[in-house]
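Bear in mind that the values in this text are calculations on the coordinates, not laboratory data. Here the structure is a predicted model, which is why all the values come from computation and not from measurement.
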């Protein structure tokens with residue numbers, strides 16, 4: 001199989017859990033957010049909303065709110081220079097009617113596509129990221145003052161990786177275990 005620049009980027013992108021204290025340039029964050037904005041979505045609804053916390057005091061207040069109680073296991077992410085919240089603005093038509101008819105939550109799929117565009121763009125900018133799913137989603141919405149119509153999907157820790165293991169490629173299953181041509185999986 002031919003090695004392309006995109007495939008190399010996908011191979012090198014990994015979840016980073018320790019960050020240097022080096023600040024992240026807003027220009028780089030804007031480029032990554034632009035990549036997310038360009039993601040496709042059901043009926044071009046673009047339900048995602050990204051809330052960026054790059055001011056230390058505001059980021060720490062957010063982390064104190066969402067990494068408490070049973071979610072304390074994720075509190076180490078507070079040391080990342082930037083935390084980005086990924087939300088969806090819920091649509092009854094797309095998520096409940098259309099999604100319910102086929103058994104999918106289209107807006108969560110859409111948010112996942114936009115989120116992955118974001119983290120791949122970050123990797124291209126030599127920024128480390130980690131998807132965070134273990135956080136208090138209700139506390140996040142309360143912290144933002146949002147009552148109805150929004151759903152918290154994920155957080156991203158963003159920054160320059162602390163360790164020099166950037167070139168380590170995570171172990172992945174071979175294609176033969178995950179791809180089935182013209183037949184059902186075994």
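What the table shows:
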quantity: Approximate shape of the chain as ellipsoid semi-axes (Cα gyration tensor, √5λ), whole Å, largest first; calculated: 26, 25, 16
quantity: Mean Cα-pair separation over length for the chain, i.e. relative contact order, pairs under 8 Å, 6 or more apart, %; calculated: 34
quantity: Full-stretch length increase - residue 11, residue 144 - with 0.36 nm per residue and alpha-carbon distance subtracted; calculated: 44.4 nm
quantity: Antiparallel %, DSSP beta bridges [both residues in the chain], to 5; calculated: 95
